[in-house]
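Student: Have a look at this one.
The values are calculated or read from the model by the stated rules, or taken from the named source; none is laboratory data. Bear in mind the structure is a predicted one, so any value in this text is a computation, not a measurement. All Cβ positions, glycine included, derive from the backbone under ideal geometry; neighbour counts span all protein chains shown.
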Amino acid sequence: MIIRFFLFELRYWLRQPMVYIFLVVFGLFGFGFVASPNFSMGAVVNTYKNAPYIVYIMYAIMSFIGLLAVTAFVNGTAIRDFTSNTAQIVFSTPVSRFSYLVGKFLGSTVIAALPLLGLSLGVVLGSQMPWLDAAQVGPNNLLPHLQAFLIGYFRFSFTDRVQKAKAIQPEAPPARSFSNIALPRVAMNFSEAARRRQFITLFWSELKGILKSTPFIIIMSLGLLQMFTSLAFVTSMYGNTSYPVTYAVVDMIEDRSRCTSRSSSSSMAAS
């Protein structure tokens, strides 16, 4: 029964465009790291662009972004039966809880790991581009790609959260009828002051909701992690250590902004 649930998840997700969108995005990252001079890996010099060390760094960086893919696939698998109202049909059959959870979990996690393979495909394709200098790329050794893929896959731990069932509340007594009670008249106010207060209230409400949302916290954390990592390497250049002067920081910001804009445009093009 575990195999059936596992194969069902594979067949379902392989027919969805989201798998291939993530695969294309990861592939463009790997291709850009190798084939484009605007992508850099910190202070790494005199090293092949497709060297095993570079592959390990790329997988380490992209594995954090892969958390978004894992969240999307696993969460979609967990709630699909309930959103499509098929959970009652599935649970009415002689299916054990262990087979149901393990089969769906394994299927979704395998699918979530597939986009990481796009990184290796992008590196291999990027190293074959004719405009690259032959001294900048070396032979493509697939063993480091496999090792980096397995390390990036097994570095995350998935836990099953157990939620306590809420106590059943007794039904409330029927509400009294207020049809015979005179209600106060409400004066409608459409003045400019009322509109300004409404605008400010809606603005702060939406802003607080965005700042407290999980996607914003994840994106902000990834941005801060990238900033601190870049600032750690900005003082090292060609084997020398220098101060984080303005021009070096500006160059670093320009490189990161190009990477961000290209990844955003590639994601929109893929979608």
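Student: Within the stretch 45-97, track down each residue that is within 16 Å of LEU222 (Cα to Cα) and among the polar types (S, T, N, Q).
Tutor: From the stretch 45-97, those within 16 Å of LEU222 (Cα to Cα) are 57-71; that's our starting set.
Passing the criteria: SER63, THR71.
Student: Select from the stretch 125-142 the residues that are of a type in the set (A, V, I, L, M, F, W, C) and either part of a loop (DSSP other than H, G, I, E, B) or free of Cβ contacts under 8 Å to residues at least 60 places away in the same chain (or both) and write down the one among them that is surrounded by the most Cβ atoms within 10 Å (Cβ to Cβ).
Tutor: Per the criteria, the residue is VAL137.
Student: Count, please, the residues in the stretch 229-247 that happen to be at pLDDT below 75 and part of a helix (DSSP H, G or I).
Tutor: 5
Student: Hey, can you tell me all the residues within the stretch 81-97 that are more than 28 Å from the chain's Cα centre (by Cα) and free of Cβ contacts under 8 Å to residues at least 40 places away in the same chain?
Tutor: Answer for the stretch 81-97, where residues must be more than 28 Å from the chain's Cα centre (by Cα) and free of Cβ contacts under 8 Å to residues at least 40 places away in the same chain: GLN88, ILE89, VAL90, PHE91, SER92, THR93, PRO94, ARG97.
Student: Are any of the residues in the stretch 84-107 of a type in the set (Val, Ile, Thr), closer than 16 Å to LEU10 by Cα and at pLDDT 80 or above?
Tutor: Yes, there is a match, as at least one residue in the stretch 84-107 is of a type in the set (Val, Ile, Thr), closer than 16 Å to LEU10 by Cα and at pLDDT 80 or above.
Student: Show the residue pairs that are 6+ apart or on different chains and have beta-carbon atoms under 7 Å apart, the first residue being within the stretch 104-119 and more than 11 Å from VAL74 (Cβ to Cβ), the second being of a type in the set (D, E, K, R) and modelled with pLDDT of 85 or more.
Tutor: none
Student: Can you pull out every residue in the stretch 49-83 that is within 30 Å of GLN136 (Cα to Cα) and among the basic types (Lys, Arg)?
Tutor: LYS49
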